[in-house]
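The values are calculated or read from the model by the stated rules, or taken from the named source; none is laboratory data. Bear in mind the structure is a predicted one, so any value in this text is a computation, not a measurement. Methodologically, a virtual Cβ is constructed for each residue, glycine included, from the backbone with ideal geometry; neighbour enumeration extends over all protein chains shown. The protein model used for the area step is the full one, side chains on, heavy atoms only, and it has no ligands, DNA or RNA in it. Shrake-Rupley method; radii C 1.70, N 1.55, O 1.52, S 1.80 Å.
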Amino acid sequence: MQIDIHSHVIPDRIVAAIAADPARFQARIVGEGAARKMVHDQGYVYPLFDEFRVVEAKLAAMDRKGIDISVISPAPPMFYYWADADLALHVASLVNDGVADMVARKPDRLRAMATVPMQHPDAAVAELERVVREYGFKAVEIGTSIEGAQLAEERFRPLLRRASELGVFVFAHPYYVGAKNGLENYYLTNLIGNPLDTTVMLANLMFSGRLDELPDLRIVLAHGGGFAPYQIGRLVHGHAVRAETHGASRSSPKDLLKRIYFDSLVFDPQALRYLIDLVGADHVCIGTDAPFDMADDHPTATLDAVPRMTPLERQCVCCGTALKLLREA
């Protein structure tokens with residue numbers, strides 16, 4: 001069995017709401033049929049593929065890729081972290097109810113992941129509790145930063161603590177990365193900006209002591225953890241020699257890294273081999289990033305190419321790790 005932990009949707013409930021009131025949602029739907037696109041006032045545009053919204057299209061894509069179960073998460077533009085409390089909570093509830101609708105259509109093939117209005121922590125906790133209570137959600141997707149604020153900030157700790165108490169795992173996914181210096185060209189906002197944001201988030205969680213305070217919190221990092229696994233030695237060395245890094249946490253960054261879970265989306269078999277060796281196959285799971293163009297459309301071939309993959313390692317990456325996160329092991 002193969003389980004995809006990183007598969008995006010944009011449910012019809014939010015698509016219809018945006019189409020009906022583009023001014024309120026600061027986004028609009030343009031084009032017709034297969035040419036439809038979502039256009040956000042902030043400037044980003046992407047195709048509104050059927051796989052985002054139609055269960056049958058999602059299942060057909062899964063079948064092509066050999067995926068048995070997908071944990072479906074809202075596409076990051078649906079985070080709406082810039083919005084006021086009323087709009088942000090409205091969007092989150094529309095999206096989450098829409099995700100629940102899709103899972104209810106095919107509960108043997110789909111699992112649900114929520115979004116919450118992180119910029120309004122009380123509302124975020126309330127929405128997380130609602131989807132767990134009403135639908136049994138076992139995962140929540142959170143941006144690696146919240147409109148420039150770090151997840152390690154004190155105001156976000158209640159949400160992280162509540163997720164830990166509820167047994168819900170956190171999937172940390174980069175939000176919108178603007179054209180920072182040096183990233184203006186060549187799609188570097190995604191190619192470098194996204195993994196960089198993940199790396200910055202994790203380093204802040206480590207050095208701030210947040211991971212020490214929440215020992216039962218389970219975090220999954222998109223895109224193989226950004227650059228963090230591949231520069232963990234630098235963080236360890238800095239923690240040893242720089243006072244700034246160990247004022248709040250005495251834990252070694254390498255020990256903390258082994259508490260983190262990762263998807264397989266690194267696009268290089270040697271890199272994936274290194275990640276498995278570093279954290280263990282029981283902390284790595286398949287991630288495709290479907291249906292964006294930065295997706296892995298051949299996850300089986302990806303695993304086939306990993307050097308020295310043992311049957312036990314493959315079982316962990318294919319489904320064992322995901323089942324553990326979903327508490328279905």
From Cα pairs below 8 angstrom and at least 6 apart in sequence, can you work out the relative contact order of the chain, rounded to a whole percent?
16
How big is the stretch 185-329 by the Kirkwood estimate over distinct Cα pairs, in Å?
15.9
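Go ahead and estimate [θ] at 222 nm for the chain from helices alone: -39,500 (n - 2.57) per DSSP H run with n ≥ 4, summed, over the residue count, rounded to 500.
On the way: 16 runs with 140 residues, N = 329.
Estimated from H runs of four or more residues: -12000 deg cm²/dmol.
Any chance you could tell me what percent of the C-alpha pair distances in the stretch 99-154 go past 14 Å?
58
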Find the centroid of the Cα atoms in the stretch 81-104 and in the stretch 12-68, then give the distance between the two in whole Å.
15
Accessible surface of ARG155 in the full protein assembly, 1.4 angstrom probe, to the nearest 10 Å²?
110
Simple label model, 7 Å out from Cα along Cβ direction - ASP212 to GLU32, nm:
6.2
Roll a 1.4 Å probe over the protein chains and send me the accessible area per residue for the chain in Å².
41
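Using a 1.4 angstrom probe on the protein heavy atoms only, could you order PHE227, PHE156 from most to least accessible area? Numbers along the way, then the final one.
Numbers: PHE227 80, PHE156 0 Å².
Result, largest first: PHE227, PHE156.
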Which helices pass in the chain if a helix is a full DSSP H run, must span at least 20 angstrom along its long axis by Cα, and must have mean Kyte-Doolittle hydropathy not below 0.5?
85-105, 193-208
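Given a 1.4 angstrom probe, I'd like the percentage of the accessible area of the chain that is carbon and sulfur, rounded to a whole number. Spell out each step's value before the answer.
Details: 7120 of 13420 Å².
C and S fraction of accessible area: 53 percent.
As a test of reading the structure, rank MET38, MET1 by solvent-accessible area (1.4 Å probe, protein chains only), most first. Working shown, then result.
Numbers: MET38 0, MET1 115 Å².
If we order MET38, MET1 from most to least accessible, we get MET1, MET38.
Counting pairs of alpha carbon atoms under 8 Å apart in space and at least six apart in sequence, what relative contact order in percent does the stretch 226-329 give? Don't skip to the end; give the middle numbers.
On the way: 99 pairs, mean separation 23.9, N = 104.
Answer for the stretch 226-329 is 23 percent.
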Looking at the stretch 1-150, send over the antiparallel percent of its DSSP beta bridges, to the nearest 5.
45
Express in whole angstrom the spacing between the alpha-carbon centres of the stretch 131-164 and the stretch 254-270.
21
Taking only Cα atoms of the chain, radius of gyration then Dmax in Å
18.9, 58
Can you pull out the trypsin sites (Lys or Arg not before Pro) in the stretch 259-309 whose DSSP state is coil and whose Cβ has at most 10 other Cβ atoms within 10 Å?
ARG308
